[in-house]
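Here's the structure we're looking at; comments come further down.
Derivation of every value follows stated rules applied to the coordinates shown; laboratory data play no part. These figures come from a predicted structure and were not determined experimentally. Ideal geometry is used to build each Cβ from the backbone, glycine not excepted, and the neighbour counts take in all protein chains shown.
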Amino acid sequence: MAVRRGATRVAVPVTCEETGTATCAVTVALRMRVAARRIEGARWVALGTRRATLPAGWRGVVSVPLTRQARAILARHPRVRTTVIAASQKGTAPRESVRQQTTLVRR
């Protein structure tokens, strides 16, 4: 995903696969895994999160605000490997989540 220099948001593609009059309540989260020097291993850094309710069959982008830390990381590094986690809730059913690896590229 391309991110403009100094951007405060990133556009994440999302699809609502519900049909009819149903909606998708989604949470889109950008996370970056950072290696730690301790024995516990890596930790996750939140880069941005956005909740949205989408109409059935919707395809497009969700604008996710970047955290201050994410903007600082992107200012220093032109490419940042991230994990996009999209979780959706259908009625009262538990959340279903999808993880996808992507790279934020500063242009």
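Could you give the length gained on full extension between ALA11 and ARG79, defined as 0.36 nm per residue of separation minus the Cα-Cα distance, in nm? Can you show the working numbers first?
Details: separation 68, 0.36 × 68 = 24.48 nm, distance 1.58 nm.
Going from the current span to full extension adds 22.9 nm.
Just subtract the alpha-carbon distance of ALA2 and ALA72 from 0.36 nm times their residue separation and send over the number in nm, one decimal.
Numbers: separation 70, 0.36 × 70 = 25.20 nm, distance 1.60 nm.
Gain on stretching ALA2 to ALA72: 23.6 nm.
Using only alpha-carbon positions, what ratio does the radius of gyration of the chain give when scaled by 2.2 N^0.38 Å? Kindly include the intermediate steps, with their values, before the conclusion.
Numbers: Rg = 15.2 Å, N = 107, 2.2 N^0.38 = 13.0 Å.
Against the compact-globule rule of thumb, the ratio is 1.17.
By how many nm would the segment from SER63 to ARG43 lengthen if fully extended, with 0.36 nm per residue of separation less the alpha-carbon distance? Provide the component values of the computation, followed by the final result.
On the way: separation 20, 0.36 × 20 = 7.20 nm, distance 2.47 nm.
Answer, rounded to one decimal: 4.7 nm.
How many nm is it between the label spots at ALA25 and VAL105, if each spot is 7 Å from the Cα in line with the beta carbon?
Each label point lies 7 Å from its Cα, and together they span 3.7 nm.
Charges at C-beta only: +1 for Lys and Arg, -1 for Asp and Glu. How large is the resulting dipole of the chain about its Cα centre, in Debye rounded to 20? Please report the intermediate quantities before stating the final value.
Numbers: 21 positive and 4 negative charges, 167 e Å.
It comes to approximately 800 debye.
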